[in-house]
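Visitor: Here it is, the structure, as structure tokens.
The values are calculated or read from the model by the stated rules, or taken from the named source; none is laboratory data. In this text the structure is predicted, and so the values were computed from the model without any measurement. Note that each Cβ is placed from the backbone with ideal geometry, even for glycine, and that neighbours are counted across all protein chains shown.
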Amino acid sequence: LAAAAAVAQGSLPEREPHPGAFLAFEALMAAFAVPDVWPAIFVRFEAGLLEDLGFGLDLSRCAVTGTMDDLVWVSPRTGRAVSREAGEPYADKLLVLPPFMLGAQAGLGEGDVGAGLALTGHFLEQFVFHPQNRPIPPARVWMIDKLGEAGRL
């Protein structure tokens, strides 16, 4: 809860209404009751904040080929999805796109939450916190450390 509040407080402009962010925060709080799921919901919450702030990820189709199949990476520069075939030569430079971010039907695999947090963290840092000359909130870093210690990433 502290991590979500810190990310929201640090990223949302003061006194500017963001009803989508409010509803997403409510949904995240309800998800805390389901221990196996809430970390993935947290990732989706952060992706929603990015969207609400105008920095949404485009995960609808491959930025290179236009295909909607086999999307496994995201460009760290543009936030657009990249297919396995198109991104293979650049795999070391691309961010991993966990399948659960494409739809709830994909389920959660090992490492998906960690990849999702790395993905949203990259764009939060690049587009939200770095321009304000501020670091990612320490509460978020602490949460990731604790999830890692618990083997939940």
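Here is a yes/no grid of residues against (1) among the charged types (D, E, K, R); (2) touching a strand residue (DSSP E or B) at 6+ places or on another chain (Cβ under 6 Å); (3) under 27 Å from Pro138 (Cα atoms); (4) crowded, with 20+ Cβ neighbours inside 10 Å:
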| site | (1), (2), (3), (4) |
| --- | --- |
| Pro39 | no, no, yes, yes |
| Asp52 | yes, no, yes, no |
| Cys62 | no, yes, no, yes |
| Leu71 | no, yes, no, yes |
| Arg80 | yes, yes, no, no |
| Ala91 | no, no, no, no |
| Leu94 | no, yes, yes, no |
| Leu97 | no, yes, yes, yes |
| Thr120 | no, no, yes, yes |
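Visitor: Then there's this: Tell me which of these Gly148 doesn't satisfy, since it passes every other one: (1) at pLDDT 95 or above; (2) exposed (fewer than 14 other Cβ atoms within 10 Å of the Cβ); (3) not in a helix (DSSP H, G or I).
Guide: Just one mismatch for Gly148, condition (3).
Visitor: Please state which of the following conditions Ala115 fails to meet, knowing it meets all the rest: (1) over 14 Å from the mean Cα position of the chain (by Cα); (2) more than 16 Å from Ala4 (Cα to Cα); (3) aliphatic (A, V, I, L, M); (4) assigned to a helix (DSSP H, G or I).
Guide: If we test Ala115 against (1) over 14 Å from the mean Cα position of the chain (by Cα); (2) more than 16 Å from Ala4 (Cα to Cα); (3) aliphatic (A, V, I, L, M); (4) assigned to a helix (DSSP H, G or I), just (1) comes out false.
Visitor: In addition: Could you run through region 33-83 and say how many residues are in a strand (DSSP E or B) and within 19 Å of Glu125 (Cα to Cα)?
Guide: 5
Visitor: Looking at region 79-100, I want the residues that are at positive phi and free of Cβ contacts under 8 Å to residues at least 60 places away in the same chain and have a partner that is outside any helix (DSSP H, G or I) and not basic (Lys, Arg) with Cβ atoms under 6 Å, at least 6 apart or on another chain. Which pairs are those?
Guide: What qualifies is Gly79/Leu57.
Visitor: Sticking with this one: Can you tell me how many residues within region 91-131 are among the hydrophobic types (A, V, I, L, M, F, W, C) and out of contact with any helix residue (DSSP H, G or I) (no Cβ under 8 Å at 6 or more places or on another chain)?
Guide: Result for region 91-131: 5.
Visitor: Tell me the residue from Ala86, Ala106 that is more than 30 Å from Pro17 (Cα to Cα), loosely packed, with under 13 Cβ neighbours inside 10 Å and among the hydrophobic types (A, V, I, L, M, F, W, C), please.
Guide: Ala106
Visitor: Let me ask you something else. When you look at Leu124, is it over 21 Å from Met68 (Cβ atoms) and surrounded by 20 or more Cβ atoms within 10 Å (Cβ to Cβ), yes or no?
Guide: In short, yes.
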